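For reference, the structure discussed in these notes is given below.
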Amino acid sequence: MEIFTINMGAYDVRVTRKRVKNINFRIGPHGEALMSIPLHVSHAEAERIAREHASWFERALTRSQARKGEAPVQWGTGEKLNVWGRPVTLRVLPPSETSAPCELRDDELLVRDGPSAVWRSHEVENWLQQELMAYLNDILLDRELAIGCTPTHITIRRMKTRWGSCTPSTGRIRMNTALAECPHACANTVLVHELCHLIAHDHGPRFQALMDLHCPGWRVTQRWLDDHPPRAL
Ligand SMILES: [Zn+2]
């Protein structure tokens with residue numbers, strides 16, 4: 001995966017080159033212009049395509065600003081967020097002072113400065129995803145062996161309303177990036193919840209018995225999660 005920005009004058013388009021079939025355009029949660037391109041599309045081609053879609057971006061950006069009507073988070077020094085349920089303060093460092101894009105040091109999350117707030121928010125988001133993936137990797141095998149099922153894929157992404165979801169027919173589990181902002185018990189509970197769904201598809205007595213067995217205390221964590229909807233970013 002590779003990320004670069006194309007300056008369009010009044011705004012930037014953040015381009016992600018990755019394993020996708022088609023070129024996609026969208027407006028991100030911060031009102032940023034985003035484009036994803038397949039691996040074979042060159043930088044120059046991406047730039048040409050972005051310019052061809054300038055009027056689409058402009059219309060979409062205006063719509064998203066009108067919808068929001070609020071200033072976007074700037075991801076600047078002093079902003080607060082939670083990491084594993086603990087408040088941390090963001091500190092933006094010039095690239096000359098740090099080699100890591102994002103790094104937790106005591107109560108500060110150090111973020112290497114980039115071209116825009118959008119850039120910084122993606123660095124933070126990537127870092128949260130890595131944190132969550134590392135934690136899941138630590139506990140996954142143990143939970144799999146205990147429950148007796150193995151997911152085919154676990155993907156981590158930011159979801160607006162759900163903490164996790166799964167597709168029993170394919171064995172896929174999706175986990176919300178925002179779990180890395182909550183206490184560890186939350187990620188554990190959601191993982192066990194989705195693993196149990198691979199066996200019991202609804203929330204009936206069988207599911208509840210599995211949860212009681214493999215995640216004692218899940219009802220308390222579940223209530224906490226219900227009371228704290230995932231941050232949309
Ligand atoms: Zn469920």
*Hey, can you tell me all the residues within the range 93-115 that are outside any helix (DSSP H, G or I) and either open to solvent by 30 Å² or more (accessible area, probe 1.4 Å) or among the basic types (Lys, Arg) (or both)?*
Pro94, Ser99, Pro101, Glu103, Leu104, Arg105, Asp106, Asp107, Glu108, Arg112, Asp113, Pro115
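Listed here are the residues, each with its yes/no results for (1) outside any strand (DSSP E or B); (2) touching a Cys at 6+ places or on another chain (Cβ under 7 Å); (3) among the aromatic types (Phe, Trp, Tyr).
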{"position": "Ser165", "(1), (2), (3)": "no, no, no"}
{"position": "Ile173", "(1), (2), (3)": "no, yes, no"}
{"position": "Thr189", "(1), (2), (3)": "yes, yes, no"}
{"position": "Val192", "(1), (2), (3)": "yes, yes, no"}
{"position": "Asp202", "(1), (2), (3)": "yes, no, no"}
{"position": "Phe207", "(1), (2), (3)": "yes, yes, yes"}
{"position": "Leu210", "(1), (2), (3)": "yes, yes, no"}
_Consider the range 73-85. How many of its residues are farther than 15 Å from Trp127 by Cβ and open to solvent by 50 Å² or more (accessible area, probe 1.4 Å)?_
4
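Matching residues to (1) away from the ligand (no atom under 11 Å from the Cβ); (2) among the β-branched types (Val, Ile, Thr); (3) farther than 29 Å from Gly28 by Cα:
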position: Ala146; (1), (2), (3): yes, no, yes
position: Thr150; (1), (2), (3): yes, yes, yes
position: Arg174; (1), (2), (3): yes, no, no
position: Cys196; (1), (2), (3): no, no, yes
position: Met211; (1), (2), (3): no, no, yes
*asked:* Can you report the number of residues in the range 116-129 which are modelled with pLDDT of 95 or more and closer than 12 Å to Asn176 by Cα?
replied: 2
*Conditions (1) surrounded by fewer than 12 Cβ atoms within 10 Å (Cβ to Cβ); (2) within 16 Å of the ligand (Cβ to nearest atom); (3) under 28 Å from Pro87 (Cα atoms): number failed by Pro205*: (3)
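Table: residues versus (1) buried (at least 16 other Cβ atoms within 10 Å of the Cβ); (2) closer than 17 Å to Glu131 by Cα.
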{"residue": "Gly148", "(1), (2)": "no, no"}
{"residue": "His153", "(1), (2)": "no, no"}
{"residue": "Thr161", "(1), (2)": "no, no"}
{"residue": "Thr177", "(1), (2)": "yes, yes"}
{"residue": "Asn188", "(1), (2)": "yes, yes"}
{"residue": "Leu191", "(1), (2)": "yes, yes"}
{"residue": "Ile199", "(1), (2)": "no, no"}
{"residue": "Trp218", "(1), (2)": "yes, no"}
*Which strands (runs of 3 or more DSSP E) does the range 1-90 wholly contain that include 2 or more residues that are under 22 Å from Met159 (Cα atoms)?*
12-17, 24-27, 33-37, 80-83
*Only one of (1) more than 19 Å from the chain's Cα centre (by Cα); (2) within 16 Å of the ligand (Cβ to nearest atom) is not met by Ser165, so which one is it?*
(1)
*Quick one: is Leu110 closer than 27 Å to Lys80 by Cα, touching a residue at least 12 places away in the same chain (Cβ under 8 Å) and not assigned by TED's automatic domain parsing to the domain that holds Thr89?*
no
*Residues in the range 177-192: is at least one over 21 Å from Asn82 (Cβ atoms) and within 23 Å of the chain's Cα centre (by Cα)?*
yes
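The values are calculated or read from the model by the stated rules, or taken from the named source; none is laboratory data. Note that the structure is predicted; figures quoted are calculated from it, not measured. With ideal geometry, Cβ positions are generated from the backbone for all residues, glycine too; neighbour counts draw on all protein chains shown. With ligands, DNA and RNA removed, areas are computed over all heavy atoms of the protein, side chains included. Shrake-Rupley method; radii C 1.70, N 1.55, O 1.52, S 1.80 Å.
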